[in-house]
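*Asks:* Sharing a structure with you now.
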C-alpha cells in the first residue's frame, strides 16, 4: 500500500479493528486506494500499528465480507473492484460516520460550532 497511512487512536472509544476497517473502507470507496492495490499483510500492518495480528485480521475479514478487499494465497490482499453504488455512499451510509465524529469531538469538549468548522476545514483541504 503506497497510499495514505492508517492510524489508530488507542484512547478512542472506537475499537481499533473498527478504526482500521472504517479508514480502509473510506480510502477504498473514495478511490484513494485504487482497485488491485496491494494492502500490507496482516502481520505487517499489525506491527506498524503496534497491535495484535488478530485485530487487523478482524478488520480485513469485515472488509472482505463487505466486498471491498479480496485475499488470495500467493497474491496477497488487494482492493476489490467496487460496484458503482459503492463509489457514492448515500446520506444514510454517511450518517453513522458523522455521528461518530460528532460524538468523539464532543468527548473532547468541542461544541457544535467547532465541530462544524473542523469538518468545513477538512473538506476544504480535500484532494
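The numbers here are math on the coordinates, done by the rules we state, and not lab data. The structure displayed is predicted, hence computed values, not measured ones. Here Cβ is always computed from backbone atoms with ideal geometry, including for glycine, and neighbour counts include all displayed protein chains.
*Asks:* Can you check how the C-alpha radius of gyration of the chain compares to 2.2 N^0.38 Å, as a plain ratio?
*Replies:* Values: Rg = 15.4 Å, N = 127, 2.2 N^0.38 = 13.9 Å.
For the chain, the normalised Cα radius of gyration comes out at 1.11.
*Asks:* Where is the GNM fluctuation largest for the chain (alpha-carbon springs, 10 angstrom cutoff): 62, 93, 104?
*Replies:* 93
*Asks:* While we're here: Given springs between every Cα pair under 10 Å in a Gaussian network model of the chain, which of 74, 54, 65 has the largest fluctuation?
*Replies:* Answer for the Gaussian network model of the chain: 74.
*Asks:* Which ordering of 122, 8 is given by a fewest-first count of other beta-carbon atoms within 10 Å?
*Replies:* Numbers: 122 10, 8 21.
So the residues, fewest neighbours to most, are 122, 8.
*Asks:* GNM on the chain, C-alpha springs below 10 Å: top fluctuator among 56, 79, 14?
*Replies:* 14
*Asks:* Classify segment 36-79 from the C-alpha gyration tensor, please: rounded if a/c falls under 1.5, else prolate or oblate depending on whether a/b exceeds b/c. Mind dumping the intermediate values first?
*Replies:* Working: a/c = 2.15, a/b = 1.41, b/c = 1.53.
Judged from the Cα gyration tensor, segment 36-79 comes out oblate (a/c at least 1.5, b/c at or above a/b).
*Asks:* So, in nm, how far is label residue 112 from label residue 7 when the simple model puts each one 7 Å beyond its Cα toward the Cβ?
*Replies:* 2.8 nm
*Asks:* Gain in length, residue 120 to residue 94, computed as 0.36 nm per residue apart minus the alpha-carbon separation, to one decimal in nm?
*Replies:* Working: separation 26, 0.36 × 26 = 9.36 nm, distance 1.57 nm.
Gain on stretching residue 120 to residue 94: 7.8 nm.
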